1. Please identify the pairs in which a residue from the stretch 152-170 that is under 23 Å from THR114 (Cα atoms) and open to solvent by 50 Å² or more (accessible area, probe 1.4 Å) has its Cβ atom under 9 Å from the Cβ atom of a residue that is of a type in the set (Val, Ile, Thr) and part of a strand (DSSP E or B), counting only partners at least 6 apart or on another chain.
2. Say whether the condition of being without any contact (Cβ under 8 Å) to a residue 24 or more places away in the chain and under 19 Å from ILE112 (Cα atoms) is met by at least one residue in the stretch 23-40.
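The values are calculated or read from the model by the stated rules, or taken from the named source; none is laboratory data. Keep in mind the model is a prediction, meaning the values are calculated, not measured. Glycine gets a Cβ as well: all are built from the backbone with ideal geometry, and neighbour counts include every protein chain shown. Protein only, heavy atoms only, side chains kept; ligands, DNA and RNA dropped before computing areas. Shrake-Rupley method; radii C 1.70, N 1.55, O 1.52, S 1.80 Å.
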Amino acid sequence: TDVPIGVLTVSLVLDVLGQPVGADVALLVGVLSIIAAAVTGLADYTDTDGTARMRATVHSTLMIVALVLFAISLAIRAGNPTDRAVPVALVVIGYLVMATSAAIGGDLVFLIGTQVNRHAWRGAGAKWIALDLGDLTDIPEGGPTRAKAGVNTLVLVRTGETILALHETCAHAG
């Protein structure tokens, strides 16, 4: 997602500086990179639900609108117009739509934790929590055993004198 924003920023700056060839090439790369980012976004979208899914839907819809605006600008530019006001205006509007969408996408990752870590926003606190072994007086060698640490459900595995603990659900979202 950084590539489309970066390349489209370059395109916009080059348009303002009166460098049409560079702006057009950057816009083409930006459109292609949005399409590539959409493929990975679609893969992430299939694993979202609830509030994250609603925000992801808004994010993807806005990105499609921005992509259409960029594509129309690119098509107009392909005709080599003498007045570039309309294609540049379309890029400016598309850029603003994309920036809004990027803010929503940032919320998905940094506020909700989508596709980052399933446990990062669980509310367990920043301090270590003592492991409650409950009725487990002896953890069997080599096999998984369920335990709780605060709100976290864990899987314990003993290897000799070492006890390894992991969340019951994998932290990765894919």
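1. LEU166/VAL155; LEU166/VAL157; HIS167/THR153; HIS167/VAL155; GLU168/THR153; GLU168/VAL155; THR169/THR153
2. The answer is yes, given that some residue of the stretch 23-40 is without any contact (Cβ under 8 Å) to a residue 24 or more places away in the chain and under 19 Å from ILE112 (Cα atoms).
Rundown of residues vs (1) modelled with pLDDT under 95; (2) aliphatic (A, V, I, L, M); (3) within 15 Å of the chain's Cα centre (by Cα), yes/no style:
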position	(1), (2), (3)
THR82	yes, no, no
ALA85	no, yes, no
ALA89	no, yes, no
ILE93	no, yes, no
MET98	no, yes, yes
PHE110	yes, no, yes
THR114	yes, no, yes
GLY125	yes, no, no
